[in-house]
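Following: one structure in structure tokens, then a few remarks.
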Amino acid sequence: MTRTSIVIDAAAASAVIIVLSLVVAGYGTVLGWTATNNNFTTFENSKFGLKIQSPVKWAKEITDDPDLGQDVTFLVPGSPIKFAEKVSIMVNANQTGPLNEIVRNMISFNNNENNALRNYKVIESVPTTLNGLNAHKLVTTYTDPKFKVVNSMQVIALKGDKLYEILYTSDPAKYHTLLPIVQQMIESFQFIG
């Protein structure tokens with residue numbers, strides 16, 4: 001390599017770094033979060049039996065239905081309502097069986113019976129913990145007829161007879177940008193009551 005090509009390569013590398021920084025900063029601003037503005041607030045619901053930190057600017061929707069269960073959804077600003085960029089926590093009572101069997105049944109259902117999800121693929125399926133309780137993490141991708149390709153991460157835990165499922169879904173282009181925020185939310189999760 002000549003001295004001239006090294007200078008050009010260094011200049012090109014600097015330009016790429018600047019562009020990537022602007023893209024990431026732009027995503028963070030659009031999504032209501034930046035590295036310097038990571039204000040979180042506490043959501044606590046004793047009926048659901050949980051407490052979690054969520055970004056202040058993320059909208060919150062709560063469902064408490066005797067037939068469908070209980071859930072809270074945190075929507076990313078700028079994301080279409082009910083679309084992929086969200087974190088949902090579902091709480092379903094009267095669950096029995098070992099956690100690994102519940103997870104195996106979820107995967108089987110999504111692969112074989114769930115007509116709403118196409119091209120369902122498990123990327124990662126590993127044991128983890130949620131607030132000190134044994135849990136399971138599933139990372140998947142699928143095609144939703146309405147929203148196209150979706151990446152998701154689920155953390156599933158069984159406490160007593162309640163199944164807790166934290167589900168993060170995102171457009172693949174935004175998945176890794178939001179992942180640190182989602183991980184911070186999951187780390188803040190607490191069982192209460």
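Can you find a residue that is within 28 Å of Lys57 (Cα to Cα), of a type in the set (A, V, I, L, M, F, W, C) and surrounded by fewer than 18 Cβ atoms within 10 Å (Cβ to Cβ) anywhere in region 99-107? Step through it out loud before you land on a result.
First pass over region 99-107, keeping only residues within 28 Å of Lys57 (Cα to Cα): none.
No, region 99-107 contains no residue that is within 28 Å of Lys57 (Cα to Cα), of a type in the set (A, V, I, L, M, F, W, C) and surrounded by fewer than 18 Cβ atoms within 10 Å (Cβ to Cβ).
In summary, Glu61 fulfils each of the numbered conditions (1) within 18 Å of Val155 (Cβ to Cβ); (2) free of Cβ contacts under 8 Å to residues at least 24 places away in the same chain; (3) part of a strand (DSSP E or B) with the single exception of condition (1). It is to be established whether one or more residues within region 98-121 are within 17 Å of the chain's Cα centre (by Cα) and within 26 Å of Phe40 (Cβ to Cβ). No, region 98-121 has no match at all.
Only the coordinates and a few stated rules stand behind these numbers; no lab work does. From a predicted model like this one, the values you see are computed outputs, not experimental measurements. Don't worry about glycine lacking a Cβ; one is built from the backbone with ideal geometry, like all the others, and counts go over all protein chains shown.
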